[in-house]
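J.: This is the structure I have questions about; it appears just below.
The values are calculated or read from the model by the stated rules, or taken from the named source; none is laboratory data. What you see is a predicted model, and the numbers here were worked out from it, not measured in a lab. No Cβ is skipped: glycine too gets one built from the backbone with ideal geometry, and neighbour counts run over all protein chains shown. Heads up: the accessible areas ignore ligands, DNA and RNA and are worked out on the full protein's heavy atoms, side chains in. Shrake-Rupley method; radii C 1.70, N 1.55, O 1.52, S 1.80 Å.
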Amino acid sequence: MSRRGTARVVAGVLVGGLLLGVVCGVLWEWWWTPPAGVAVDGEFVFTSAGIGEGFSGTGLYVLVTAAGGLALGTVAALRGDGREVPVLLALLAASALAGTVTALVGAALGPPDAATRAADLDDYAPLVQDLRVEGAAAWLTFPSAALLAAAVVFLVLTRRRHPEPVRADRAASVARGR
């Protein structure tokens, strides 16, 4: 466990989180269908067809970032075997960064802000909602999934690869035949 090896793993986790955030943002926007609405008195209003889809952007964000977090956490823990604390700290930062990048990339690829566009349109002009994350809990998905995956790998898989040493009192009782 050299410092150089630890730094390499930490840097890999951070870069991996950034790249995975971009991929997740593209997937999020690609999978999402914009809810329909109209401009009324300069504001965006859902149509009857779009009202049920109003939260689909956040729901898909949660789904995509949960999968991304599980992937990032698993790979980081497998690569960081024996470096649990630095990997978990890097994973916390990388997954928060990845969740933010996902939201930024998805919003940039999606339609522009509906409220801003509605102000310039005539009443009942068709409009679609922009892609956004609503609610504070959704922002915790990427970090929560990443830390959960890393914990499972560290506690389950790495224990099997590195069994606990036999204690001296247990070894002596085995040697005596007990």
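J.: Determine whether segment 7-26 contains at least one residue that is open to solvent by 10 Å² or more (accessible area, probe 1.4 Å) and within 21 Å of Gly135 (Cβ to Cβ).
T.: Among the residues of segment 7-26, not one is open to solvent by 10 Å² or more (accessible area, probe 1.4 Å) and within 21 Å of Gly135 (Cβ to Cβ), which makes the answer no.
J.: In this structure, is Ala107 within 26 Å of Arg4 (Cβ to Cβ), among the hydrophobic types (A, V, I, L, M, F, W, C) and open to solvent by less than 70 Å² (accessible area, probe 1.4 Å)?
T.: no
J.: Identify, from the list Phe142, Phe154, the residue that is more than 17 Å from Ala36 (Cα to Cα), open to solvent by less than 70 Å² (accessible area, probe 1.4 Å) and out of contact with any Ser or Thr (no Cβ under 9 Å at 6 or more places or on another chain).
T.: The match here is Phe154.
J.: Tell me the helices (runs of 4 or more DSSP H) entirely within segment 131-178 that contain at least 1 residues that are at pLDDT 90 or above and among the charged types (D, E, K, R).
T.: It comes to none.
J.: Going by what's in this entry, would Val87 be described as at pLDDT below 85, hydrophobic (A, V, I, L, M, F, W, C) and either more than 30 Å from Val40 (Cα to Cα) or surrounded by 17 or more Cβ atoms within 10 Å (Cβ to Cβ) (or both)?
T.: no
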